[in-house]
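Structure first, then comments.
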Amino acid sequence: MIATLTLNPSLDLTASLKKVDLRDINRVPEIQRDPGGKGINISRIIRRLKGSTVAYGFIGGYTGTKICELLKKEGVRTDFVRIAGDNRSNISIEITGKRGQIKINEDGPSVKAGDFRKLFSKLSALTRRDCLIISGSIPAGTDEDIYARIIRLMRRTGTKTVLDSDGEPFFRGVKEKPFLIKPNIFEAERLLKRITGRVFRICSEEELAEAACILACHSEIAIISWGARGIMAASKGRLWRLRPPVRLKRSGVGSGDAVVAGFTHAYMNNKGIEESLRQGIACGTASSIRKGTALCRPADVSRLARKTTITSLHSL
């Protein structure tokens with residue numbers, strides 16, 4: 001089973017406008033409401049792929065209740081810890097004909113020590129047959145060592161861990177050598193600066209390969225996503241380069257989460273690394289061709305996986 005952990009879930013609100021008028025009311029025909037947060041989106045994709053998943057995290061208030069209702073409609077099993085605060089709302093405004101979005105994100109609620117104890121108790125039930133995907137930001141005021149603590153707990157239960165985050169919590173978590181890490185290039189640059197003590201820029205294939213090799217020394221598998229340019233993966237002295245099987249005009253919102261979902265789903269179903277990478281980039285590509293925050297469709301994933309080629313490279 002694949003469990004996901006989202007410490008700072010959200011209710012994602014998406015609206016589309018032809019233009020923004022700062023002098024008048026901007027009306028939209030409808031607002032799309034989706035449960036959000038990196039881990040939650042990964043569970044939603046795994047469920048679409050017919051995988052077994054459960055979403056862990058903190059839920060509170062009206063927003064939290066709405067998140068649970070939406071996940072139940074999608075058939076995603078949850079085991080959240082109820083907290084006193086209200087979960088955050090994230091607002092995305094898409095302008096017709098424009099690239100990108102206007103994004104407005106709340107910080108989210110603070111979480112008490114007792115709430116974390118309840119979460120750790122739930123996570124302790126995971127076993128060596130499971131995998132826990134830890135991703136996204138942490139609640140305000142939370143100890144930046146939190147991901148490292150969770151990885152240490154999962155090591156005691158024998159559970160594989162996947163880490164996809166940023167900043168100090170990511171760096172501290174990586175020091176505990178999770179099974180898989182999956183930064184994008186900007187997160188990888190920041191992480192590599194902490195690891196190596198020097199400014200690291202990824203501007204070429206050679207630099208991308210070097211970055212993946214360094215990160216693979218801190219995990220069993222390292223995958224770096226480079227938006228519409230695809231991914232580089234490294235493990236035990238081997239390198240793999242994968243590019244999207246179709247031409248992408250942009251990098252879709254949440255495509256990195258889709259890569260994690262596709263790879264982990266395949267790997268936990270006894271597929272090898274190469275086949276799992278193929279499934280990962282197919283999911284990422286399938287998300288990129290969807291509009292806005294829409295998740296990938298299984299039919300697209302199957303079609304794109306068949307078109308995907310993998311280049312095996314020599315490690316540096």
Are any residues in region 66-84 modelled with pLDDT of 95 or more and under 22 Å from S121 (Cα atoms), and if so, which ones? C68, V76, R77, T78, D79, F80, V81, R82, I83
Output the residues belonging to region 121-151 that are in a helix (DSSP H, G or I), surrounded by 13 or more Cβ atoms within 10 Å (Cβ to Cβ) and either of a type in the set (D, E) or without any contact (Cβ under 8 Å) to a residue 60 or more places away in the chain (or both). Y147, A148, R149, I151
When you look at S219, is it modelled with pLDDT of 95 or more, surrounded by 20 or more Cβ atoms within 10 Å (Cβ to Cβ), among the hydroxyl-bearing types (S, T, Y) and under 18 Å from the mean Cα position of the chain (by Cα), yes or no? yes
Some residue of region 165-176 being hydrophobic (A, V, I, L, M, F, W, C), under 26 Å from N270 (Cβ atoms) and buried (at least 18 other Cβ atoms within 10 Å of the Cβ): no
Scan region 213-236 residue by residue and report those that are charged (D, E, K, R) and either touching a helix residue (DSSP H, G or I) at 6+ places or on another chain (Cβ under 9 Å) or free of Cβ contacts under 8 Å to residues at least 40 places away in the same chain (or both). R229, K236
Name the residues in region 1-43 that are among the polar types (S, T, N, Q), over 22 Å from G256 (Cβ atoms) and either part of a loop (DSSP other than H, G, I, E, B) or in contact with a His (Cβ under 9 Å, 6 or more places away or on another chain) (or both), would you? N26
G97 fails exactly one of the following numbered conditions: (1) in contact with a helix residue (DSSP H, G or I) (Cβ under 7 Å, 6 or more places away or on another chain); (2) part of a loop (DSSP other than H, G, I, E, B). What is the number of that condition? (1)
Those residues of region 210-230 which are assigned to a helix (DSSP H, G or I) and either closer than 18 Å to G280 by Cβ or β-branched (V, I, T) (or both) amount to A211, A212, I214, L215, A216, G227, A228, R229
In this structure, is L132 of a type in the set (A, V, I, L, M), more than 18 Å from the chain's Cα centre (by Cα) and under 23 Å from V174 (Cβ atoms)? no
Any residue in region 44-67 that is farther than 17 Å from S287 by Cβ, of a type in the set (A, V, I, L, M) and assigned to a helix (DSSP H, G or I)? yes
Is there a residue being modelled with pLDDT under 95, of a type outside the set (D, E, K, R) and at positive phi anywhere in region 127-136? yes
All but one of (1) buried (at least 22 other Cβ atoms within 10 Å of the Cβ); (2) farther than 20 Å from Y147 by Cα; (3) in contact with a Pro (Cβ under 8 Å, 6 or more places away or on another chain) hold for I45; state the number of the condition that does not hold. (3)
Restricting attention to region 254-304, report how many residues are farther than 20 Å from I133 by Cα, among the basic types (K, R) and buried (at least 24 other Cβ atoms within 10 Å of the Cβ). 0
Could you list all residues from region 258-290 that are in contact with a Ser or Thr (Cβ under 7 Å, 6 or more places away or on another chain) and among the charged types (D, E, K, R)? R278
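The values are calculated or read from the model by the stated rules, or taken from the named source; none is laboratory data. From a predicted model like this one, the values you see are computed outputs, not experimental measurements. Virtual Cβ from ideal backbone geometry, glycine too; neighbours counted across all protein chains shown.
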